[in-house]
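What follows is a single structure, written as structure tokens, with notes after it.
Values quoted throughout were computed directly from the atomic coordinates according to the rules given, and no laboratory measurement underlies them. Here the structure is a predicted model, which is why all the values come from computation and not from measurement. In this analysis, Cβ positions are derived from the backbone assuming ideal geometry, glycine residues included, and neighbour counts consider all displayed protein chains.
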């Protein structure tokens, strides 16, 4: 009887270990798959950065009528989604997230420089927003500011918005902070070179920030003209 009981215990132990081992394997497989997705995204970003370097040269031979409002927007959007996912998952280490952040920030800066060169060449005057944020502990209002900026971009699609972690160790981000003399009073916005600190609602931003107020007026004028034109046709 004792031998039978021992066999039962051994069998139960083997089954338990098998289930436990399978769970660990599946968990590790899923984690590894996510990490590989992030690394693939980083590889694509590296190609995008190389592509943007090439586009700098091509712009010298490009007519303004052929230039779009953004070259790297798709790459930025894709990597932004990957970064947001990684930051909210426990399966990614801090080093992996920082690596992905670095790729994203570098691509943003490259896009910013490229678009400034395009607008200087073509004589256009778009609105550029550099958004510097921090963690919830450091900046409780940063998340709300992010939502406001999303709403602004949805309302004005040609608005160029670039977001950076103020505490990033990336040298290029530190240089950007130094150039614009960005203070640690977060959230911080640099809009066409002018600094704005603290949280502002969408309505408040459109009323108090000249560049965004102009965008609102131009948008309202365009809507009025469109409505008047439609009325005349009818």
Pairwise FRET efficiency - residue 225 versus residue 113, Cβ, R0 = 35 Å, nearest 0.05: 0.55
Separation of the residue 155 and residue 98 label points, Cα + 7 Å toward Cβ, nm: 3.8 nm
DSSP bridge pairs, the range 125-234: antiparallel proportion in percent, nearest 5: 55 percent
Ordering of 125-138, 201-214 by packing [mean C-beta count within 10 Å, highest first]: 125-138, 201-214
Pair residue 175, residue 54: separation of 7 Å Cα→Cβ label points (nm): 2.3 nm
Sequence ranges 181-188, 108-115, 154-161, ranked by mean other-Cβ count within 10 angstrom, highest first: 108-115, 181-188, 154-161
Rg in Å to one decimal, and Dmax rounded to a whole Å, for the range 125-234 via C-alpha atoms: 16.5, 59
